[in-house]
Amino acid sequence: MQLLNVNIDQQMISRIERNKRIVTDYELASFGEILGVEVSELLKNYYGVF
């Protein structure tokens, strides 16, 4: 995430995993970039299948 200029640490990621923190739009885009998937793929369970 640091290589994409996103300031996020392990504690913040842990809070996201436990649904204790929201993911910002730029963090979501960065996760998609790192994982090599489209943002819609990350959100498909939230919105239903695209």
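The values are calculated or read from the model by the stated rules, or taken from the named source; none is laboratory data. If you're wondering where the values come from, they're calculated on a predicted model, not measured in any experiment. Positions of Cβ are generated from backbone atoms using ideal geometry, with glycine treated the same way; all protein chains shown enter the neighbour counts. Surface accessibility is based on the protein's heavy atoms, side chains included, excluding ligands, DNA and RNA. Shrake-Rupley method; radii C 1.70, N 1.55, O 1.52, S 1.80 Å.
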For the range 18-27, enumerate the residues that are exposed (fewer than 15 other Cβ atoms within 10 Å of the Cβ) and within 10 Å of the chain's Cα centre (by Cα). Ile22, Thr24, Asp25, Tyr26
Against the definition (at positive phi, open to solvent by 50 Å² or more (accessible area, probe 1.4 Å) and at pLDDT below 95), how does Asn5 come out, yes or no? yes
Just to be sure I understand the filter: pairs with C-beta atoms under 7 Å, separated by 6 or more residues or on different chains, first member in the range 7-33 and more than 17 Å from Tyr46 (Cβ to Cβ), second member part of a loop (DSSP other than H, G, I, E, B) and not basic (Lys, Arg). Which pairs pass? Ile8/Met1; Tyr26/Val6; Ser30/Met1; Ser30/Val6
